[in-house]
Amino acid sequence: MPAVKETVETVKTIDVDQYKYGFVTDIESELAPKGLNEDIVRYISAKKDEPQWLLDWRLEAFRRWQTMVEPTWSRCHYPAIDFQDLHYYAAPKKTPGPKSLDEVDPELLRTYAKLGIPLREQEVLAGVEPQNRVAVDAVFDSVSVVTTFKAELAKAGVIFCSISEAVKEHPELVRKYLGTVVPTTDNFYATLNSAVFSDGSFVYIPPGVKCPMELSTYFRINESKTGQFERTLIIADAGSYVSYLEGCTAPKRDENQLHAAVVELIALDDAEIKYSTVQNWYPGDSEGRGGIYNFVTKRGDCRGARSKISWTQVETGSAITWKYPSCILRGDGSSGEFYSIAISNGYQQVDSGTKMIHLGKNTTSKILAKGIAAGRSDNTYRGQVSAHRKATGARNFTNCDSLLIGDQCGAHTIPYIEAKNSSAVFEHEATTSKIAEDQLFYCMQRGLDEEEAVALIVNGFVKEVLQQLPMEFAVEAQKLIAISLEGSVG
Amino acid sequence: MANVLPMRTPAETALIERFKAEQSSLPGAVEARAEAFARFEKSGLPSRRVEAYHYTDLRNLMREAAPAITARPEPRAPEKHHLLIENGVYLGGDAPEGILVLPLAEALREGRVALGAAMGAASDIVVDLNTALCRDGIYVRVDTVVEAPLFIGFAETLGNAASVMPRVVVEVAAGAALTLVELHAGPDGIAYQKNAVVELILGDGAKVEHIRINEGGDKALMLSTLAVKLGAEAELMSLGLVSGGEVSRHQVFVTYAGENAKIDLRGATMIKGRQHADNTLVVDHAVPNGVSRELFRNVIDDEAQGVFQGRIIVRPHAQKTDGQMASNAVLLSDGAGMANKPELEIFADDVVCAHGATSGALDENQLFYLMARGLPRSEAEALLVEAFLGETLDAVSNDGLREVLAERISRWLEARAR
């Protein structure tokens, strides 16, 4: 069955030529020379005033990266990337780590205001209920511009700062955890990131602390011919809880820009991390020119018993998305969740999904993925669920649906489901016709006709993904809620 | 890495030498064989880095290539409606009325068949190897509706490890119908390597029921392929029953060449010990209005490993395609494993496609229910497994054949209980 009219119209409103964040900030930047070699790695490290161990770590990654070959297995096709034709470091000139907001270039503040990101704490306080406050780490090209609410978070013992700052202030934590989830040897892009990462956020929640507010990072690529390589490290110590949001935009440019981030999450015993993303990088124009190449390695390690990591993502941007937020369920009784809506338009290519690696006993995971392809785009869900021999009692439920709008696009589902012991119970399904009869009956008995009942149930199901988003992002995702998945295929 | 060809394994070297030595004496046009061989020579045996062989690493599983057989087997008196291929050589047989049977070598020499005609857009190294090296097999042509089933026995009577590559090409003309049963059997304890390819070409409105029983020897490497090309409104039901072979991989490639064609692919796999069984499907909906159903059931005991890979492709403009695929596995022991990869590749917007995959142990509640009624655990398990696999047999319309298949399932379960 073809997509319903409302869905088509809603998707059109977020089509590639409707991109709202495509403006360029006119600001003087300091750029590293183009190209990539050991000197550039040293340059970045020196700019950040890093200790020797981190430089060595970067160089080791760089040397390994030189021996690696770009992966080609994804369903994304793009001209070869010239890794020597990029600036690996770009920073707004006037802000070498400002002490307060007053020192930040007003042009930058205007940029974030335009993007709707509040950087001034008092503005936030004046406008919103106290429990809705969000601490923001704003990353502009290669550097973190400002991190808000740091003092207040520190009272609770929470460390929230840029990773460069964390290297200086909390080297023991960074050294203990950096690269333990995504090692420098992990994959082509993660290794590249390890060599040249410039900034990103660092979060540490001490034992037993529920983080008093939402934490968030807003990434903005501005400078042309640059790559952004941020690194995020979040550690939730025993019994703690944190909800973290990530947003990203970039100006409209005719060339492609590279974004290769690494996100590492570590949840110790009984800790919970909720990580949400609204990915809205510039997707390219309606002819397929420009846009961000997004090659991201995101992985969470449920290291402690009964820990929990939940990924929620709304993907509407990027020319190419290559991203598989994963959970390693190492601790006994740990659980992982993945909720995703990926909408592709224009010439976008999305190859995204998740991995749930069950290693501990009685681990559970749940995957809900919705893909909507329109225009000439290709939208692929690729997911792996595996249970190790010793992961007895592992349980997974996966549901992924895709919807096509028009006959020029493609939607694909590639699940890998590997059970290596008999007590692992895995279920994978991909269909919308499978609305429970009893739910339909219940709705119809209360006076809805069948179509209304189906719409109610299906929309309710999409909302299930969006409800995982914290309030602050729900607004951005609001219009997506209206999208019905009627007519979707597996 | 990706652009560097790994070292040739002894098996690859042996196969390359074998082709070079045999090339001139192989029947039929040499071009198709040379092309297929060139593809093999270029890529080698597929390893786990090749997506389609990720779970069945042929490069690793086939380090040495067994030698080809040269001795011709003794002819035997054919059973009624049975054709016999022994050690890869067609020995003759008896076919029901209305079926033309020729030795493949003869059909190739006469130019009646072109190898690979049923493969469509698909390409596969195992098929290429067979195309390059097959010496003999059968060509079957059916022009009317034939009620009686035609049996093709693929028997190996080898005393030591050897490689056999038979090929069967079956053409069912427009409006004709056929029931085809393949039986694969061989000696235990001998590491023979078999690469059998069956091509089925269905004319418009043709109807075929195809049953394949794999009872190969317990040390055998059993590779087999069914390549199908469907004319408009053609219908195919194909069921594979797998219990043999140390390593087996059965691949099905289906191409829709005409509209409103229907397929129903089914599989019942029972493996134990350290067996490895792979079922791989590629269903290519190249035209609108095709219907496909896939139902694969795996029962895995001991340390055995099951694999299911199913890919439904819906090409642009193949609107109104209806494809539904299910793979279910029951793991009977802690060491058993199952890898499922049900894939959808869709380029048309008005289609209904769904897939489902499950794996797990037998339901404890159901076992408890049966045991509470006095059945010992082993019998309760057998009953549940029988029902689980039995569902795949429902599509077999010939009662006699269905009973034969059901009996083979029961026999496997009895052997397990002992």
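FYI, it's all coordinate maths here, none of it is from the lab. Here the structure is a predicted model, which means the values were calculated and not measured. Quick reminder, even Gly has a Cβ in these numbers, built from the backbone with ideal geometry, and neighbours come from all protein chains shown.
Dipole orientation for the protein assembly as shown: of the candidates B:Leu370, B:Gly137, B:Met222, B:Met222 has the Cα lying most toward the positive pole (charges on Cβ; Lys, Arg +1; Asp, Glu -1).
Separation of segment A:236-282 and segment B:14-37, taken as the distance between their Cα centroids, equals 55 angstrom. Here the protein assembly as shown is assigned +1 on the Cβ of each Lys and Arg and -1 on the Cβ of each Asp and Glu. Its dipole about the Cα centre then comes out at about 1900 debye.
Convex hull volume per residue, computed on the Cα atoms of segment B:364-418, equals 80 Å³.
Among the residues of B:313-322, the average count of other protein chain beta-carbon atoms within 10 Å of the residue beta-carbon is 2. Rounded to the nearest 20, the Cβ-based charge dipole of segment A:141-252 about its Cα centre (Lys and Arg +1, Asp and Glu -1) stands at 20 debye. Within the same chain, aspartates and glutamates fewer than 8 places from A:Lys47 are excluded, and of the rest, those with a Cα less than 16 Å from its Cα are A:Glu30, A:Glu38, A:Asp39, A:Asp56, A:Asp141, A:Glu165, A:Asp199, A:Glu230. Over all directions, the projected convex hull of the C-alpha atoms in segment B:86-151 averages 5.6 nm² in area.
Loop-located GluC sites (Glu not before Pro) in segment B:74-182 (DSSP state other than H, G, I, E, B) with a sparse environment of at most 10 neighbouring Cβ atoms within 10 Å: B:Glu97.
Could you pull out which residues in segment B:114-151 have an amide N less than 19 Å from a spot 7 Å beyond the Cα of B:Lys42, following the Cα-Cβ vector? Within reach of a label on B:Lys42: B:116-117, B:119-133.
Straight-line cross-link partners of A:Lys12 among the lysines, defined as a Cα under 26 Å from its Cα and at least 8 positions apart when in the same chain: A:Lys20, A:Lys114, A:Lys252, A:Lys323, A:Lys370, A:Lys463, A:Lys479, B:Lys320. Ordering A:Ser340, B:Val283, B:Met7 by Cα displacement along the dipole of the protein assembly as shown toward the positive end leaves B:Met7 in first place; charges were set at the Cβ atoms of Lys, Arg (+1) and Asp, Glu (-1).
Summed over qualifying helices (DSSP H, 4 residues or more, each -39500 (n - 2.57)) and divided by its residue number, chain B shows a 222 nm mean residue ellipticity of -6500 deg cm²/dmol. Expressed as a whole number of Å, what is the distance separating the alpha-carbon centroids of segment A:156-230 and segment A:38-87? So the two Cα centres are separated by 17 Å. Given R0 = 35 Å, the distance between the Cβ atoms of A:Val69 and A:Gln408 translates into a calculated FRET efficiency of 0.65.
Pull up the DSSP beta bridges for chain B and report the antiparallel fraction as a percent, rounded to 5. So the antiparallel bridges in chain B amount to around 5 percent. Note that segment B:320-330 has calculated 3J(HN,Hα) couplings of 6, 6, 10, x, 9, 10, 9, 10, 10, 10, 10 Hz, one per residue in order, obtained from phi through the Karplus relation 6.51 cos²θ - 1.76 cosθ + 1.60 (θ = phi - 60°); glycine and proline are x.
With 31 Å as the limit on Cα-Cα distance, the pairs of A:Lys34/A:Lys168; B:Lys42/B:Lys194; A:Lys168/A:Lys355; A:Lys34/A:Lys355 that go past it are A:Lys168/A:Lys355; A:Lys34/A:Lys355. Under a 5 Å amide H cut-off, with hydrogens placed 1.01 Å from N, B:Val181 pairs with B:Leu150, B:Phe151, B:Ile152, B:Ile211 among residues at least 5 apart or on other chains.
Computed from the Kirkwood radius of its Cα pairs, the Stokes-Einstein diffusion coefficient for segment B:26-104 at 37 °C and 0.692 mPa s stands at 202 µm²/s. Note on the protein assembly as shown: antiparallel DSSP beta bridges, both residues inside, total approximately 10 percent of the bridges counted. Counting only other chain Cβ atoms within 10 Å of each residue's Cβ, the peptide B:356-364 averages 6.
The listed peptides A:320-331, A:379-390, A:205-216, ordered by packing as a protection proxy, come out as A:320-331, A:379-390, A:205-216 (highest mean of other Cβ atoms within 10 Å first). For segment A:5-436, the relative contact order works out to 11 percent when only alpha carbon pairs closer than 8 Å and six or more residues apart are counted.
Per-residue shielding of A:400-410, expressed as the average number of other chain Cβ atoms within 10 Å of the residue Cβ, stands at 4. Inter-label distance, B:Ala191 to B:Ala415: 2.1 nm, where each label sits 7 Å from its Cα along the C-beta direction. Please report, to two decimal places, log10 I(q)/I(0) for segment A:5-436 at q = 0.10 Å⁻¹ as given by the Debye formula with identical point scatterers on the Cα atoms and no solvent. The Debye formula, applied to the Cα set alone, gives -0.68. Please give the FRET efficiency for A:Thr185 paired with B:Leu183, using the beta carbon to beta carbon distance and R0 = 35 Å, rounded to the nearest 0.05. For R0 = 35 Å, the calculated efficiency reads 0.10.
Given a Förster radius of 56 Å and the C-beta distance between B:Val30 and B:Ser333 as r, what FRET efficiency does 1/(1 + (r/R0)^6) yield to the nearest 0.05? Efficiency for this residue pair is about 0.70.
Taking the alpha carbon gyration tensor of chain B, multiplying each eigenvalue by 5 and rooting it gives semi-axes of 31, 26, 24 Å, largest first. Here the ratio of the Cα radius of gyration of the protein assembly as shown to 2.2 N^0.38 Å is 1.03. Counting charges near B:Leu367 (Lys, Arg +1; Asp, Glu -1) among other residues having Cβ under 9 Å from its Cβ returns a value of -2. Translational diffusion of segment A:161-245 was estimated from the Stokes-Einstein equation, with Rh taken as the Kirkwood radius over Cα pairs; at 20 °C and 1.002 mPa s the coefficient is 152 µm²/s. Distance between the 7 Å Cα→Cβ label points at B:Glu303 and A:Lys155: 6.2 nm. May I ask you to evaluate 6.51 cos²θ - 1.76 cosθ + 1.60, the Karplus curve with θ = phi - 60°, for each residue of segment A:74-88 and list the ³J(HN,Hα) values in order in whole Hz, giving x for glycine and proline? Values per residue, Gly and Pro as x: 6, 8, 10, 10, 7, x, 4, 8, 8, 5, 8, 9, 10, 8, 8 Hz. In terms of overall dimensions, the C-alpha atoms belonging to segment B:305-375 reach 56, 26, 11 Å along their principal axes, ordered largest to smallest.
Placing +1 on the Cβ of every Lys and Arg and -1 on the Cβ of every Asp and Glu, with nothing else charged, gives segment B:364-418 a dipole about its Cα centre of roughly 240 debye.
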